[in-house]
Amino acid sequence: MKVALIVSTYNRPDALDLCLKSILNQRVLPDEILIADDGSGNETRELINQYKEKNIVPIHHIWHKDDGFKLAQIRNKAIAQSSCDYIIQIDGDLILHPYFIKDHKEFAKPQSFVRASRVYLSEKLTNEKLSYKDINIKLFQPGISNIFSSFRISFLRFLFEKKYKIKGDELWEIHGCNMAYWREDAIKVNGYNEDFVGWGPEDKEFVARLVNLGLKKRFLKCGGIAYHLWHPINSKDNLSRNISIFEETKFSKRLFCQSGINKYLYN
């Protein structure tokens, strides 16, 4: 099984630097890294080129012109360019635990997709990490919230999955910054719906179509740990329209979106 890591980013090179540093610090490396760049400037491009020169893992910079918040579109372009079977998807403002990729690989199963957790860092701790370019995070370090999500315990991981029952609205819940799925399944539902413009919930709508396809949602707990760097809350100007798209997909049992990944697959 070949694993791709898709990293979405937009004009935050200081955070992306820590993210890439933590990726190359993995005990098990991904087979390729695809940086889904929603129109960042030259500083981000120069940073990515510096990491490419390390020649540790193939890094592909997928970029399009800045035309507003088009995360769904740039993720589709990255998925289309991947040559791997399995995709782990994160955001570029995460610091990954050294066993992040290993945990996701061990947890992967056919006919399913994975939701995993994120641990939030305070503004103060985030600024410290960025200032010192430090990717080391201690378990009980001040400035960490939802601390249970930072425990890495293998036997609890699989016990939690066995005992935890996903029901109700939890079926659609996902962290687009820490999830995993099979590339062929993403293509079956035509990837992300590019009718989404602006923040949220394009990831839930994508998940709704995976569920409608008959895939099982699995929750990776006590593993696949990612630390989320603080940032101001995103603008939610287009949220009402986006939510209506998600609700329609959920209740109509739609499998396939019209504006999706297929336009990039054969170019």
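Residue pairs whose Cβ atoms lie under 7 Å apart, sitting 6 or more positions apart in sequence or on different chains, and linking a residue in region 144-169 that is more than 23 Å from TYR227 (Cα to Cα) to a partner that is among the charged types (D, E, K, R) and modelled with pLDDT of 80 or more, are ILE166/LYS217. The set of residues in region 21-55 that are crowded, with 20+ Cβ neighbours inside 10 Å and touching a residue at least 40 places away in the same chain (Cβ under 8 Å) comprises SER22, ILE23, PRO30, LEU34, ILE35, ALA36.
Is there a residue being more than 14 Å from the chain's Cα centre (by Cα) and without any contact (Cβ under 8 Å) to a residue 40 or more places away in the chain anywhere in region 70-81? Checked against the condition, which is being more than 14 Å from the chain's Cα centre (by Cα) and without any contact (Cβ under 8 Å) to a residue 40 or more places away in the chain, region 70-81 yields no hits at all. The condition of being out of contact with any helix residue (DSSP H, G or I) (no Cβ under 9 Å at 6 or more places or on another chain) and not acidic (Asp, Glu) holds for only one of SER154, SER240, that being SER240. Applying a threshold of 6 Å to beta carbon distances and a minimum spacing of six or more residues, or different chains, the list of pairs starting in region 238-253 at a residue that is among the hydroxyl-bearing types (Ser, Thr, Tyr) and ending at one that is at pLDDT 85 or above and surrounded by 15 or more Cβ atoms within 10 Å (Cβ to Cβ) reads THR249/GLU205; THR249/ALA208.
The values are calculated or read from the model by the stated rules, or taken from the named source; none is laboratory data. Quick caveat: nothing in here was measured; it's all calculated off a predicted structure. Using ideal geometry, Cβ is built from the backbone for each residue, glycine included, and neighbour counts are taken over all protein chains shown.
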